[in-house]
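What follows is a short report on a single structure.
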Amino acid sequence: MKESDNKNKNNMPRLNPVSARIKEDVKAEENLWLRAFGLISPVIIYMLYVGLLTGLAGATLNGIADKSEEYAKYISNNRTVINAVIRTVVIIIASAAQIPAFISEKPVLVSGDGNLARYLKCIFLGIFSALMLNVLLSLIGLTGSVESYNELAKRQFALPLMLGIILYGIISPIAEELVFRGLVYNRMRRNEVSVPAAIILSSLFFGIYHFNIVQAVYGVLMGLIMVCVYEKYGGFIYPVIIHAVANSFIYILSSNKIIGKLMTPVTVAVTGALSIWLFISIIRENQIRD
């Protein structure tokens, strides 16, 4: 080796152990942030699809309205229903775009020993927990104090009953379960996030996703129930059943003005006790998710 090469080699700055450790920590932190983004990216992607498609549909609708006064009048008179139909189509498309990622998680749709008793438990847990939380949030004054929630509720319950059930009781629950339990929660577990942390974080994301305090509180609590049942049973169908039944039941009661008659502490006590009993019954079953 030439003498000049030896001098260059000797003059090269050496990395001390502390600096080396810092560099390794920075790299690990960068990987951690990338991993974190990967865990919540299904929510971001889904919301981008919904936002872009809704904007495109709105622009198309405005373009149609500008063509003639007759079109504009028809759209104005039927704006609520038209928007609901658009949202239904948008959610279906946005959900379909997530299916390849969902399949890559290799979810179990129905656990091997699924039976009628499990389906019934999920159905009644959805009914009782949704009613209990809706009445409780109303009695403590939370629902009446949030204007954004009240405006949203008016638009939702202004729809024809069947259209409302299709959108809020079937399409939305399937889409949201696909994103939050099927993708976010499964990715957390695959990335070695502990079960308690994955349960809490996925439920918090589900609540925040709804963008108003009433639905956020409701979403976190219902999210905890649904993800715990998913973790216990292992079948994707079970949180979907709870979510769909809960939404449909409350939508029917609210659309027919029945829920107002149930706004009593007795309703909270009875439905709360039944919800806790059903939840504990599910958690204490012998089979644990693989």
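Please verify whether Arg35 is over 18 Å from Pro173 (Cα atoms), within 22 Å of the chain's Cα centre (by Cα) and surrounded by 12 or more Cβ atoms within 10 Å (Cβ to Cβ), treating the condition exactly as stated. Yes: the conditions hold for Arg35. Is it the case that the range 109-132 has a residue that's modelled with pLDDT under 95, within 16 Å of Ala175 (Cα to Cα) and either within 18 Å of the chain's Cα centre (by Cα) or part of a helix (DSSP H, G or I) (or both)? Scanning the range 109-132, I find at least one residue that is modelled with pLDDT under 95, within 16 Å of Ala175 (Cα to Cα) and either within 18 Å of the chain's Cα centre (by Cα) or part of a helix (DSSP H, G or I) (or both), so the answer is yes.
Say we look at the range 84-100 and pick out the residues that are among the hydrophobic types (A, V, I, L, M, F, W, C) and free of Cβ contacts under 8 Å to residues at least 40 places away in the same chain; which of these is nearest to Glu176 (Cα to Cα)? Among those that are among the hydrophobic types (A, V, I, L, M, F, W, C) and free of Cβ contacts under 8 Å to residues at least 40 places away in the same chain, it is Ala96. Being closer than 24 Å to Val179 by Cα and surrounded by 16 or more Cβ atoms within 10 Å (Cβ to Cβ) is the filter here, so list the residues in the range 42-65 that pass it. Residues satisfying the conditions are Pro42, Val43, Ile45, Tyr46, Tyr49, Val50, Leu53, Thr54, Ala57.
When Arg155, Arg118 are screened for being in contact with a helix residue (DSSP H, G or I) (Cβ under 8 Å, 6 or more places away or on another chain), surrounded by fewer than 14 Cβ atoms within 10 Å (Cβ to Cβ) and not aromatic (Phe, Trp, Tyr), only Arg155 passes. Residues in the range 133-152 that are outside any helix (DSSP H, G or I) and loosely packed, with under 15 Cβ neighbours inside 10 Å: Ile140, Gly141.
Does the range 92-106 contain any residue that is more than 26 Å from Tyr218 (Cβ to Cβ), surrounded by 15 or more Cβ atoms within 10 Å (Cβ to Cβ) and hydroxyl-bearing (Ser, Thr, Tyr)? So far as the range 92-106 goes, no, none of its residues is more than 26 Å from Tyr218 (Cβ to Cβ), surrounded by 15 or more Cβ atoms within 10 Å (Cβ to Cβ) and hydroxyl-bearing (Ser, Thr, Tyr). The listed residues are Ala273, Ala269, and the only one of them that is at pLDDT 95 or above, farther than 22 Å from Gly144 by Cα and either acidic (Asp, Glu) or surrounded by fewer than 19 Cβ atoms within 10 Å (Cβ to Cβ) (or both) turns out to be Ala273. When Glu151 is tested against (1) among the charged types (D, E, K, R); (2) farther than 25 Å from Ser95 by Cα; (3) at pLDDT 95 or above, only condition (3) is not met. Among all residues of the range 250-272, there is none that is in contact (Cβ under 8 Å) with a residue 12 or more places away in the chain and within 19 Å of Val110 (Cα to Cα).
Annotation: Arg189 fulfils all but one of (1) within 12 Å of Asn247 (Cβ to Cβ); (2) free of Cβ contacts under 8 Å to residues at least 60 places away in the same chain; (3) over 9 Å from the mean Cα position of the chain (by Cα); the unmet one is (1).
Scanning the range 164-194 for residues that are among the charged types (D, E, K, R) and either assigned to a helix (DSSP H, G or I) or modelled with pLDDT of 95 or more (or both) yields Glu176, Glu177, Arg181, Arg187, Arg189, Arg190.
The values are calculated or read from the model by the stated rules, or taken from the named source; none is laboratory data. As the structure is a prediction and not an experimental result, all values here were calculated from the model. Methodologically, a virtual Cβ is constructed for each residue, glycine included, from the backbone with ideal geometry; neighbour enumeration extends over all protein chains shown.
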